[in-house]
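These notes are about the structure you will find just below.
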Amino acid sequence: MPRTITILGSLLVLFCLGTAHAASPKALELRKSDALSEFTPPEAFLAGVFIADEMEPCYLFGSIKEFAASRKCPTTWLIEEGEKARIAKPGSPDTPLEYTLYLEEDCPDGVVHYVFVDQSAMTPKQWIEWRKQFHKSKADGEYGATKDRLEKAVTEGVKIGGELRFIMTNGELRGAKTPEQALRQDMNVPACYDLKQGAKMSK
């Protein structure tokens, strides 16, 4: 009996390996052109929720892990080689880094990239301080309301993993809509928190 179990177990492993997703030629082409390689995101990022509008988000979506699992085609997490090298360097806990991750959805009719920014190590205050590097004194006016809304969500137990910055199909940006508009209007992705109302939403 033990020998039979061992043989069955080995066959099961071979079956699983044989059915693992192999990236399409188009996906491999895009990975090469953008210097992308496979990457395992931190659990804090995957378990967190995300915003999908950089300037004035209205909702939180997620978790990121649930969003990835809801895609209809095979998915793979990717990172740019330059970003991978940058985050490998020792950092300061007082100034956590943002970095970009790609969720590749490899479909027969095209390859979609959901371009996320991992912000799982940041507090809302650190989130706006990071933006001051680029927007200087304008950051408080442009992002201050969002910071306050994110802080309220955090006090209610919401864990923020990051931001969906872009949606791309075959290497091209998808339309003129923000990712938030695309998720709500085109993809029917349910939000889990209303930032403007400051309240959790039922899915």
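The values are calculated or read from the model by the stated rules, or taken from the named source; none is laboratory data. The structure presented is a predicted model; accordingly, all values stated were derived computationally and were not measured. So basically every Cβ, Gly included, is an ideal-geometry build from the backbone, and we count neighbours across all protein chains shown.
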Is one or more of the residues making up segment 147-160 part of a strand (DSSP E or B), under 18 Å from the mean Cα position of the chain (by Cα), under 19 Å from GLY62 (Cα atoms) and at pLDDT 85 or above?
yes
Of all the residues that make up segment 61-100, how many are of a type in the set (A, V, I, L, M, F, W, C) and under 16 Å from MET187 (Cβ atoms)?
6
Out of GLY171, GLY198, sole residue that is at pLDDT 90 or above, under 20 Å from LEU103 (Cβ atoms) and either touching a helix residue (DSSP H, G or I) at 6+ places or on another chain (Cβ under 9 Å) or not aliphatic (A, V, I, L, M) (or both):
GLY171
Pairs only if they're at least six apart or on different chains, beta carbon under 7 angstrom, first in segment 43-66 and at positive phi, second buried (at least 22 other Cβ atoms within 10 Å of the Cβ) and not β-branched (Val, Ile, Thr); list them, first residue then second.
GLY62/PHE50; GLY62/GLY161
Counting just the residues of segment 43-57 that are of a type outside the set (A, V, I, L, M) and touching a strand residue (DSSP E or B) at 6+ places or on another chain (Cβ under 7 Å), which one comes out surrounded by the most Cβ atoms within 10 Å (Cβ to Cβ)?
PHE50
Residues that are at pLDDT below 90 and either of a type in the set (Gly, Ala, Ser) or more than 25 Å from PHE39 (Cβ to Cβ) (or both): does segment 98-109 have at least one?
no
Among the candidates ALA85, ALA35, residue that is on the phi > 0 side of the Ramachandran plot, surrounded by fewer than 18 Cβ atoms within 10 Å (Cβ to Cβ) and not aromatic (Phe, Trp, Tyr):
ALA35
